[in-house]
Amino acid sequence: MNTRHAAILWVIAALGISMLPQLIGMPVLVVAIALLPIVWRLLAQFRNWKPMSIWLRVLATAFAVTALFLTYGQLLGRRIAVSMLLLMLSLKLLETFRIRDARIVASLSLFLCATQFLFHQGIPMIVYFIACLLSTLTALMYLQRQEAFANLRNIPETGRSLFSELGFGLRLMLLALPVGLALFLLFPRWVSPLWGVPEDALDARSGLSDSMTPGSIQSLYMDDSPAFRAAFEGPVPSRGELYWRGPVFWDFDGRRWRGNYLGRTIDATTKPDPGKAPFRYSVQMEPTEQSWLFALDYPALEPRGASLSMDYQLITRQPITQLRNYVMASDPDFVDTPQLGLTMRGAALELPVGFNPRTAKMVAGWRRETNSDAAIIRRALAHFNQEQFHYTLNPPLLNRNTIDEFLFDTRRGFCEHYASAFTVMMRMAGIPARIVTGYQGGWYSEMGSYVLVRQSDAHAWSEVWIRGTGWRRVDPTAAVAPERVERGAMSLAIPRRHILDFEWLRDVRNTLDLLQRGWNSWVIAFDSDRQSRLFTVFGWGIFDSAKLVIAMGVTLLVAGAAIFMIMPLLLRFRSSRKQDPLVRLWQKFITKLANAGLDPQPSMGPAEIAAMASAQLSYAADVIYRITELYTFCRYSPRNSGQVELKELIQDFNPSRTDEYARREP
Amino acid sequence: MTEITAHPSTSANDRLERLKTALDAVNQIVMGKDQQVKLAFSCLLARGHLLIEDLPGVGKTTLAHALATVIGVRYQRIQFTSDLLPADILGVSIYRRDQEKFEFHPGPIFAELVLADEINRATPKAQSALLEAMAEGQVTIEGKTHTLPQPFFVIATQNALDLVGTFPLPDSQLDRFLLSISLGFPEPDIERKLLTARDRLSLLRDTEPVIGPHDVLQLHQDCRQVHVSEALLDYLQALLAETRNNRWFETGLSPRAGIGLLHCCKAFAYLEGREFVVPEDVKAVFPGLSRHRMTVPHGMETSVDEQISGMLDQLAIP
């Protein structure tokens, strides 16, 4: 690369790389404004343009800030602050013609890179971070070199390839690694992060929400991102038992299901006994921006900051904006609400007036035939089973009477259609019923022994209240498509969701989730609590901030000393890399001699080595003399033929195999 | 000016053969000092001057005499004493009454091989007369320049410095000697031979010249042809740099010494019958080249020789 351009090109590259993830999610106008200064600066470099005048720069800045404000409609919030930083850094390029300015841009692009961790914390961020760090280090190195030769018109060529430059950056990063590790582990952490602002903490995520309309769960079916992972202490329940309970809906307006105010605010009066709960597991939950924790029926524990509502939803006081770990126990045999109160009963039977007359007529007919609630339930499920219902990802649109249209006209739908229709039918028959959403099934990781539940496992089912047994789960989807429950959502006879939706690819992704889980539990979930317990394995008790600071100081000192110890090794590594193949061959020979118990010193010349080696390994003396002779000849004489023979000799040279030489002797 | 040698013009191979014969002949006279003899020859072939530092009676003069004999050149010996004058070395102009003019009588320095015995016994004035002649290859007396014969080779001997009544050579003068060697006491079996075999002097008298001054000039050229690879130059430079880092010596080797080292290595490799220099040549020559140029840093309890071998053992060959 041309040395004159190298430094500024690397600075621009560093800035570009650190901008990348931000640019992808930004409005087009802002992206354009961010890219323009880069283009201008590149042109200026190659066409020798002069720096832009101060008025133009001020004008450009004013324009950029105005555009930013108009696009986002506000000037507060994390996303806009980071966008502002990005724009300003890009605009800084307009006046970056001196080393001092270039250094500021390079350093701040590292800061920009750090801000990206506010939005994403997944494993791919490591690659991004290393790329940023490496390009910035290389840029700074070029700038340093340019400054060192500032008095000269031309910077001397170093003769180093791009790879060796990057390798140097990598070595610097390796050297800093112990220090970084010490800071990560020991720098005192706040109990809640400074950036734990809930309203825009994370980018809009899909997940179960506080209402359900036809199509809302179906949209989740497209999303393969992990929802949570559960590691069971004992045996893992069968797939048909894995109903992860989430939001519960009571109120129906003909189209949309919503949670009941009472259901959400009144705590459960009777709770399952954790001691009797057969399933115990720990859950690592991805942030959702919502307040629901997920658990199997029926949750017996209330994790910190969460409480069990009357309809057995686990609701947290604060939305879940960070990775959350909790321990849970579940008792499937718990009898939920043996006595249904009047208010709740009313809520579980209420239907909007004047909707779905055809369904009402049909259910009224069933009711006339039998008085038994159980018979009605069986009848409804049989209806789904016997009539031509299809489980499909592309159900036709429904109009006003959603249930009527679904049951009698389209007969094609997703789990929420079935759950919704079933619940309405139950209410029409006078059986208290509600809808439960959550996840069903999951992928069991043999390697990690945990169940991975993805957003695509989202499901909706019904619960009916029957005197004596309380609320009972009824999954009408199972009547239509039993494989949904038995083999998982992906086993449905539905065409591929998107172009890359192959089963083997899903398996690979499921297997790779182990990495993500490890990253989550070792890096992301390393909070102040875990930090203070870091040293308990040594029996040193809980560390408070002061103790942590002391530990950090000691570790940094030790790490610093270690770096000084490693430095010569690294330098030697570097010098050996530059050697020509002949010297590498010779080193191999020396290593073989050393492995045979000899003590060749670096200060020994070939003849000395030969004398020593042949004296101690007399059976191989001929070969040793031939090798040293050839090496001496290749390295020091004007003619350097014989390297091929030397290579063969050294590769075959095996001083430990005395028998071979003895055999060769005669 | 010089006697015609028995072998006026010869091929390079022949010269090398006869050089080896000469080496063997000297080894016959100065027994058990192969390495020192080889170094002395290297010094001669590298067009340098030789300094022998040792106690009296270990064979310094014998070595010089043997060298002169086998090379077949004129040989002069100057015994340095405290009352030696420059004119005693260089020569004087004497007024010839019959011709009514001054006539220059050349001193003992006008010879191909000069042995300056016990150089540190003379006053600095006499010493510098010799050393200037060594550096310039000519002497200037009363405005007239007299060229010294070619080849011109000085062997100076010097007694151990702590003896009484000596004028130690200053460092700048010592730099004019390419190599310094020390003979040391002979090994027991060699000493037994010395005691029982023929007298060295009579042996010298029977020795025939093997090469001549013209051959020496040719040999100088041959030695210059010896190949020095980049790898070896790397080692040489590493060695020079190491002498200068104040860890081993008070001051490092000068660039002139570095050039001398290179020439010496070439000559040594030539003597070994090789047409390229290897690191072992450098290691063989280096102690002799650096010993008289170096001093141990203040406060160290080691000798220069120990420092040199220590340095050579520490420095990796690149």
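The values are calculated or read from the model by the stated rules, or taken from the named source; none is laboratory data. Please read these numbers as outputs of a predicted model, since none were measured by experiment. Here the Cβ is made from the backbone with ideal geometry for all residues, glycine too, and neighbour counts use every protein chain on show.
Here's the yes/no breakdown for (1) in a helix (DSSP H, G or I); (2) assigned by TED's automatic domain parsing to the domain that holds A:Pro235:
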position: A:Arg427; (1), (2): yes, yes
position: A:Val436; (1), (2): no, yes
position: A:Leu452; (1), (2): no, yes
position: A:Asp513; (1), (2): yes, no
position: A:Phe526; (1), (2): no, no
Original post:
Within segment B:225-298, which helices (runs of 4 or more DSSP H) (wholly inside it) include 2 or more residues that are more than 16 Å from A:Pro606 (Cβ to Cβ) and of a type in the set (Lys, Arg)?
Top reply: B:255-271
Original post:
Checking B:Leu271 against (1) more than 10 Å from every other protein chain (Cβ to nearest Cβ); (2) within 20 Å of B:Phe177 (Cβ to Cβ); (3) free of Cβ contacts under 8 Å to residues at least 40 places away in the same chain, which test does it fail?
Top reply: (3)
**OP:** Evaluate segment A:407-430: report whether one residue or more is in contact with a Gly (Cβ under 7 Å, 6 or more places away or on another chain) and in contact (Cβ under 8 Å) with a residue 60 or more places away in the chain.
**Re:** no
Original post:
Within segment A:37-96, can you find the residues that are of a type in the set (Phe, Trp, Tyr) and not in a helix (DSSP H, G or I)?
Top reply: A:Trp49
Original post:
Do the conditions hold for B:Gly310, that is, is it more than 9 Å from chain A (Cβ to nearest Cβ), farther than 18 Å from B:Ser180 by Cβ and assigned to a helix (DSSP H, G or I)?
Top reply: yes
Subject >> Failed condition for B:Cys223, given (1) surrounded by 12 or more Cβ atoms within 10 Å (Cβ to Cβ); (2) more than 14 Å from chain A (Cβ to nearest Cβ); (3) over 17 Å from B:Val285 (Cβ atoms) >> reply: (3)
Original post:
If we keep just the residues of segment A:235-273 that are polar (S, T, N, Q) and within 23 Å of A:His459 (Cβ to Cβ), which is surrounded by the most Cβ atoms within 10 Å (Cβ to Cβ)?
Top reply: A:Asn260
Original post:
With (1) free of Cβ contacts under 8 Å to residues at least 60 places away in the same chain; (2) not in a helix (DSSP H, G or I) as the list, and B:Gly165 as the residue in question, which single condition is left unmet?
Top reply: (1)
Original post:
Consider B:Leu233 against the criteria (1) under 27 Å from B:Gly32 (Cβ atoms); (2) within 14 Å of chain A (Cβ to nearest Cβ); (3) surrounded by fewer than 22 Cβ atoms within 10 Å (Cβ to Cβ); (4) among the aliphatic types (A, V, I, L, M): it satisfies all of them except one. Which criterion is unmet?
Top reply: (1)
**OP:** Test B:Leu179 against the stated conditions and say whether it is in contact (Cβ under 8 Å) with a residue 40 or more places away in the chain, surrounded by 13 or more Cβ atoms within 10 Å (Cβ to Cβ) and not assigned by TED's automatic domain parsing to the domain that holds B:Arg74.
**Re:** no
Original post:
Here are some conditions: (1) modelled with pLDDT of 90 or more; (2) touching a His at 6+ places or on another chain (Cβ under 9 Å). A:Trp461 meets all but one. Which one does it not meet?
Top reply: (2)
Original post:
Which residue, of A:Gly642, A:Gly605, is surrounded by fewer than 18 Cβ atoms within 10 Å (Cβ to Cβ) and either more than 10 Å from chain B (Cβ to nearest Cβ) or modelled with pLDDT of 85 or more (or both)?
Top reply: A:Gly642
Original post:
Of the residues that make up segment A:338-361, is at least one within 30 Å of A:Gly442 (Cα to Cα), out of contact with any Cys (no Cβ under 6 Å at 6 or more places or on another chain), among the hydrophobic types (A, V, I, L, M, F, W, C) and part of a helix (DSSP H, G or I)?
Top reply: yes
Original post:
Has segment A:275-289 got at least one residue that is part of a loop (DSSP other than H, G, I, E, B), under 34 Å from the mean Cα position of the chain (by Cα) and farther than 24 Å from A:Gly448 by Cα?
Top reply: yes
**OP:** Take segment A:309-361 and flag every residue that is among the aliphatic types (A, V, I, L, M) and under 37 Å from the mean Cα position of the chain (by Cα).
**Re:** A:Met310, A:Leu314, A:Ile315, A:Ile320, A:Leu323, A:Val327, A:Met328, A:Ala329
Subject >> All positions within segment A:608-624 that are of a type outside the set (S, T, N, Q) and either away from chain B (no Cβ under 14 Å) or touching a residue at least 60 places away in the same chain (Cβ under 8 Å) (or both) >> reply: A:Ala613, A:Ala615, A:Leu617, A:Tyr619, A:Ala620, A:Ala621, A:Asp622, A:Val623, A:Ile624
Subject >> Condition check for A:Lys592: exposed (fewer than 15 other Cβ atoms within 10 Å of the Cβ), away from chain B (no Cβ under 14 Å) and under 28 Å from B:Phe276 (Cα atoms) >> reply: no
Original post:
Can you name the residue in segment A:118-136 that is farther than 16 Å from A:Trp522 by Cβ and within 10 Å of the chain's Cα centre (by Cα) and is also surrounded by the fewest Cβ atoms within 10 Å (Cβ to Cβ) among such residues?
Top reply: A:Pro124
**OP:** Tell me, yes or no, whether segment B:244-251 has at least one residue that is surrounded by 13 or more Cβ atoms within 10 Å (Cβ to Cβ), facing chain A (nearest Cβ under 10 Å) and in contact with a helix residue (DSSP H, G or I) (Cβ under 6 Å, 6 or more places away or on another chain).
**Re:** no
Original post:
Just checking, how many residues over segment A:499-537 are under 20 Å from A:Arg189 (Cα atoms) and surrounded by 11 or more Cβ atoms within 10 Å (Cβ to Cβ)?
Top reply: 17
**OP:** Considering each residue of segment B:283-305, count those that are more than 8 Å from every other protein chain (Cβ to nearest Cβ), out of contact with any Lys or Arg (no Cβ under 7 Å at 6 or more places or on another chain) and either within 15 Å of B:Glu242 (Cα to Cα) or touching a residue at least 40 places away in the same chain (Cβ under 8 Å) (or both), and give that number.
**Re:** 15
**OP:** Would you mind stating whether A:Pro600 is without any contact (Cβ under 8 Å) to a residue 24 or more places away in the chain and touching a Leu at 6+ places or on another chain (Cβ under 8 Å)?
**Re:** yes
Original post:
Among the residues of segment A:311-338 satisfying the criterion of being touching a Lys or Arg at 6+ places or on another chain (Cβ under 9 Å) and polar (S, T, N, Q), which is surrounded by the fewest Cβ atoms within 10 Å (Cβ to Cβ)?
Top reply: A:Thr316
Subject >> Residue among A:Val248, A:Val283 that alone is of a type outside the set (Asp, Glu), closer than 18 Å to A:Arg324 by Cβ, at pLDDT 80 or above and in contact with a Lys or Arg (Cβ under 8 Å, 6 or more places away or on another chain) >> reply: A:Val283
Original post:
Residues that are touching a Lys or Arg at 6+ places or on another chain (Cβ under 6 Å) and either touching a residue at least 40 places away in the same chain (Cβ under 8 Å) or surrounded by 18 or more Cβ atoms within 10 Å (Cβ to Cβ) (or both): which strands (runs of 3 or more DSSP E) entirely in segment B:67-129 hold 1 or more of them?
Top reply: B:113-117
Original post:
Looking only at residues in segment A:412-461 that are in contact with a helix residue (DSSP H, G or I) (Cβ under 9 Å, 6 or more places away or on another chain) and of a type in the set (Val, Ile, Thr), which one is farthest from A:Glu350 (Cα to Cα)?
Top reply: A:Thr437
